[in-house]
């Protein structure tokens with residue numbers, strides 16, 4: 001989070017689990033987790049398109065390059081709906097705690113491998129009246145500009161590792 005002191009929701013969409021953190025004044029104050037993640041996206045694609053395991057990764061990467069409007073979000077709502085409901089529940093819990101009643105969450109940052117799937121961010125944008133974007137774990141890392149394209153692709157999957165490296169942890 002760096003020096004950002006805003007109230008922020010971080011949604012880390014892993015393969016098997018999605019974690020929801022509310023960060024306030026640069027510190028995590030709540031954490032919730034649901035046992036649903038990007039693997040559900042693979043299951044849906046296999047059901048809808050009849051893809052094999054070897055074709056699945058390529059399909060996920062190809063779909064992630066498309067604009068959200070080109071992908072029918074309703075086909076993926078069994079992944080997206082629980083995420084939206086958990087974001088709302090986490091915000092409700094946080095805002096009903098003593099001392100937080102007048103705080104205003106400012107943005108939602110998505111990270112994890114499935115966060116780059118366009119319908120996820122688009123549906124969350126439609127559900128909440130705040131900024132929603134894919135986190136950039138490379139923002140505070142110095143690298144050659146020629147690597148930018150590749151680093152942007154793998155960034156959401158590397159957020160945890162980069163965060164630990166920046167803190168000097170092994």
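Some values worked out for this structure:
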item: Cα-based shape type of the range 8-135, given that a ≥ b ≥ c are square roots of the gyration tensor eigenvalues and the cut on a/c is 1.5; result: prolate
item: Length released on extending from residue 35 to residue 97, taking residue separation times 0.36 nm less the Cα-Cα span; result: 19.8 nm
item: The range 1-83 shape via C-alpha gyration tensor axes, a/c threshold 1.5; result: prolate
item: For 89, 143, order by how many other beta-carbon atoms lie within 10 Å, fewest first; result: 143, 89
item: Ellipticity estimate at 222 nm from DSSP helix runs (n ≥ 4, -39,500 (n - 2.57)) divided over the chain, nearest 500; result: -13500 deg cm²/dmol
item: Cα-projected label distance for residue 73 with residue 143, points at 7 Å along beta-carbon direction, nm; result: 2.9
item: For the range 26-50 and the range 66-137, distance of Cα centres in Å; result: 12
item: Full-stretch length increase - residue 17, residue 66 - with 0.36 nm per residue and alpha-carbon distance subtracted; result: 15.2 nm
item: Taking the range 1-106 and dividing mean pair separation by its residue count, relative contact order in percent (alpha carbons under 8 Å, at least six apart); result: 26
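The numbers here are math on the coordinates, done by the rules we state, and not lab data. What you see is a predicted model; the values in this text were computed from it and never measured. Methodologically, a virtual Cβ is constructed for each residue, glycine included, from the backbone with ideal geometry; neighbour enumeration extends over all protein chains shown.
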